[in-house]
Amino acid sequence: RLVKMSKNYDGKTALSELSLVMKRDEIFCLLGQNGAGKSTTISLLTGLHPLTHGEAFIDGYSVREDMPDIQAMMGICPQDNILFEGLSGAAHLRFWARYRGVSRAGLEQVVEELLDGVALSDAANKDANKYSGGMKRRLCVAIASVGNPYIVFLDEPTTGLEDRKSVV
């Protein structure tokens, strides 16, 4: 639930009094032109930036007061791909799965399921930085899904997905 959520950067308004309610177990899409505040909204809800005004609650937790609790139950795919140099797609998922508390015993099954879910099984052991743009994006969506988070934020998850080239 967002209540008059606002953000100003250096005196410029990036988001002005956004209020809305998203229901549990639903997919919610925030659409708008460039500069409409979509990425800013995600940045505020994930704790990247503090609110200037207003409030937001995720499963009853305040983004102002309870961000560590919110971050523990969320996954995020930011607007730009964030991948480690020299790691394969599978290695990225292993890293984030261990970080998110997936047991060693179940690790390989989780990695296999995530890779299969984003159609990257054939490229699992290739350097992710050599993936095509669409493959990188799909890997980032898989990373956001690690650990079965309660809420997942996807900022422009389809950018580059029309690119179906194989690994270079």
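For the reader, a short list of remarks on this structure follows.
- The set of residues in the range 48-100 that are farther than 30 Å from Lys126 by Cα, part of a helix (DSSP H, G or I) and of a type in the set (A, V, I, L, M, F, W, C) comprises Met67, Ile70.
- Counted residues, the range 1-13 - those being at pLDDT below 95 and within 23 Å of the chain's Cα centre (by Cα): 1
- When the range 4-28 is filtered for residues that are open to solvent by 70 Å² or more (accessible area, probe 1.4 Å) and in contact with a helix residue (DSSP H, G or I) (Cβ under 9 Å, 6 or more places away or on another chain), only Tyr9 remains.
- Which numbered condition Asn125 misses (of (1) assigned to a loop (DSSP other than H, G, I, E, B); (2) at pLDDT below 95): (2)
- Residue satisfying all of: in the range 39-90; polar (S, T, N, Q) and open to solvent by 30 Å² or more (accessible area, probe 1.4 Å); nearest to Ile143 (Cα to Cα) among these: Asn81
The values are calculated or read from the model by the stated rules, or taken from the named source; none is laboratory data. From a predicted model like this one, the values you see are computed outputs, not experimental measurements. Positions of Cβ are backbone-derived with ideal geometry, glycine not excepted, and every protein chain shown enters the neighbour counts. Quick note on the areas: whole protein, heavy atoms, side chains included, nothing else; ligands and nucleic acids left out. Shrake-Rupley method; radii C 1.70, N 1.55, O 1.52, S 1.80 Å.
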